[in-house]
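Participant: Before I ask anything, here is the structure I am working with.
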Amino acid sequence: MPSSGGAKLQTAEGAEGTEGKRPLVVIVGAGSKHGELSTAADVTGVTDASSSFECASTGIGSTGSDKDQDPLPRGVRWGLGGALPLPFAAEGFDVALLGRREDVLSDVRKAVQEVHAESGHGGTAQVFCVQCDVTDDASVEEAMASLRRKAPSAYIDLLVFNAAPPYPPNFKFEGWGDVLLPHQIDVSNMNLQMDTQVNGLIRLSRHVVPGMIERGRGCVLLSGEACCNLHGGYEFASVAPARAALRSLGQSMFQAYGPMGIHVCNVNIGGIIDSPKTRRWTTAREGLVSPEEIAEQFLNIYEQKKTVWSYEVNLTPSILSRKVHMSM
């Protein structure tokens, strides 16, 4: 569909120090290992924040069919990571896709290019793929240097952090086997969880935030699971601490950088996000959350005016309304 993003792009270009440059949207974790296939069958492994789900009390069970061969729509094929760039592409933004697997990034890139073309921006907007391991200082350094070489006339106006490591290999949902209890946690895996999410964001921020401070504008959005970010559930002792720590860091960043014109917001996602993997968990498709609809909320948050910034947004599907953990 035609885009209304011209005005937004013009506003971004008017910021201090951006003359003649284009705003760049950077998606970290732009894909999912379990989303590399275009059908819902023969896909295994939970590998990043695109596999968000609510606690087992959702009522959505493990009754998915391995025989489901329906081709997946573009916005579902790579979970949330692959959907996040699409609404920004529809608005004409240049997009950079960062992740560990170049083959997945290449596939997502094609989808972004399709949206650029469909929205009338195919001749101007660009999409870049950069391999990056956020747990490795040298990899992050090289990734950001590569991005500067590929997009010399761009400035990073938005960083979306959607990176998360796999769940521990012995992780189980309630009802799927023996739940991994706190005393059974592998410390090395917990270190990986923390290093990926907390330190990973810090590593990237070193390269992104100084430029935002200099320009007096920018946005950092953090993707997370409501069942881990907001409360440490019975099943999630092995992963919730790192998610909660990332949320805490995001809150500190909001307070530190807000007066400098930089908007930081935690996006806590409830429900099971539609993806190749989660389609094998359930036949109740109506209970799956659309990654494209989630991605649209990231665009909405990015477009918030300074007088009405959100520092935290909780996204909850209507089917889970009565299961939300609320406090007065």
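The values are calculated or read from the model by the stated rules, or taken from the named source; none is laboratory data. The shown structure was predicted, so the numbers you read here are calculated from the model rather than taken from an experiment. Every residue, glycine as well, gets a Cβ built from its backbone with ideal geometry; the counts of neighbours run over all protein chains shown. Ligands, DNA and RNA are excluded from the accessible area calculation, which covers all protein heavy atoms including side chains. Shrake-Rupley method; radii C 1.70, N 1.55, O 1.52, S 1.80 Å.
Participant: Among the residues of segment 76-90, are any more than 14 Å from the chain's Cα centre (by Cα) and either among the small types (G, A, S) or open to solvent by less than 20 Å² (accessible area, probe 1.4 Å) (or both)?
Facilitator: Among the residues of segment 76-90, at least one is more than 14 Å from the chain's Cα centre (by Cα) and either among the small types (G, A, S) or open to solvent by less than 20 Å² (accessible area, probe 1.4 Å) (or both), which makes the answer yes.
Participant: Could you grab me the full set of residues in segment 152-177 that are of a type in the set (D, E) and open to solvent by less than 20 Å² (accessible area, probe 1.4 Å)?
Facilitator: Hit for segment 152-177 is D157, nothing else.
Participant: Continuing with this model, one more query. Has segment 202-222 got any residue that is over 21 Å from V134 (Cα atoms), open to solvent by 60 Å² or more (accessible area, probe 1.4 Å) and without any contact (Cβ under 8 Å) to a residue 40 or more places away in the chain?
Facilitator: No.
Participant: Would you point out which residue out of A117, A154 is of a type outside the set (S, T, Y) and out of contact with any strand residue (DSSP E or B) (no Cβ under 9 Å at 6 or more places or on another chain)? Lay out the reasoning, then the answer.
Facilitator: Numbers: A154 fails: out of contact with any strand residue (DSSP E or B) (no Cβ under 9 Å at 6 or more places or on another chain).
Exactly one of A117, A154 is of a type outside the set (S, T, Y) and out of contact with any strand residue (DSSP E or B) (no Cβ under 9 Å at 6 or more places or on another chain), namely A117.
Participant: Looking at G224, G175 in this structure, which one is modelled with pLDDT under 95 and over 30 Å from Q304 (Cα atoms)? Walk me through it before giving the result.
Facilitator: Details: G224 fails: over 30 Å from Q304 (Cα atoms).
The match here is G175.
Participant: Moving on. Just a yes or no: is a residue in segment 162-184 in contact with an Asp or Glu (Cβ under 8 Å, 6 or more places away or on another chain), in a helix (DSSP H, G or I) and free of Cβ contacts under 8 Å to residues at least 24 places away in the same chain?
Facilitator: No, segment 162-184 has no match at all.
Participant: Go through (1) under 24 Å from A295 (Cβ atoms); (2) among the hydroxyl-bearing types (S, T, Y); (3) in a loop (DSSP other than H, G, I, E, B) and name the single condition S205 misses.
Facilitator: Tallying (1) under 24 Å from A295 (Cβ atoms); (2) among the hydroxyl-bearing types (S, T, Y); (3) in a loop (DSSP other than H, G, I, E, B), S205 fails exactly one: (3).
Participant: Determine, yes or no, whether C228 is touching a Leu at 6+ places or on another chain (Cβ under 6 Å), among the hydrophobic types (A, V, I, L, M, F, W, C) and either outside any loop (DSSP other than H, G, I, E, B) or buried (at least 20 other Cβ atoms within 10 Å of the Cβ) (or both).
Facilitator: Working: touching a Leu at 6+ places or on another chain (Cβ under 6 Å): no; among the hydrophobic types (A, V, I, L, M, F, W, C): yes; either outside any loop (DSSP other than H, G, I, E, B) or buried (at least 20 other Cβ atoms within 10 Å of the Cβ) (or both): yes.
So C228 fails the test.
Participant: Step by step: first the residues of segment 227-253, then only those that are of a type in the set (S, T, N, Q) and touching a residue at least 40 places away in the same chain (Cβ under 8 Å), then the one that is farthest from V187 (Cα to Cα). Which residue is that?
Facilitator: Q251
Participant: State yes or no: is S321 open to solvent by less than 70 Å² (accessible area, probe 1.4 Å) and either part of a helix (DSSP H, G or I) or among the aromatic types (F, W, Y) (or both)?
Facilitator: yes
Participant: Also, I was wondering about something else. Which of the residues spanning segment 107-127 are free of Cβ contacts under 8 Å to residues at least 60 places away in the same chain and either part of a helix (DSSP H, G or I) or open to solvent by less than 30 Å² (accessible area, probe 1.4 Å) (or both)?
Facilitator: Filtering segment 107-127 down to residues free of Cβ contacts under 8 Å to residues at least 60 places away in the same chain leaves 109-117, 122-127.
Hits for segment 107-127 are R109, K110, A111, V112, Q113, E114, V115, H116, A117, A125, V127.
Participant: Which of (1) at pLDDT 90 or above; (2) in contact with a Leu (Cβ under 9 Å, 6 or more places away or on another chain); (3) within 29 Å of W176 (Cα to Cα) is the odd one out, the single condition I301 does not satisfy?
Facilitator: Answer for I301: the failing condition is (3).
Participant: Just to be sure, is N268 surrounded by fewer than 16 Cβ atoms within 10 Å (Cβ to Cβ) and within 20 Å of G75 (Cα to Cα)?
Facilitator: no
Participant: Identify the single condition in (1) surrounded by fewer than 19 Cβ atoms within 10 Å (Cβ to Cβ); (2) in contact (Cβ under 8 Å) with a residue 60 or more places away in the chain; (3) among the hydrophobic types (A, V, I, L, M, F, W, C) that V95 does not satisfy, given that it satisfies every other one.
Facilitator: So V95 meets the others, but not (1).
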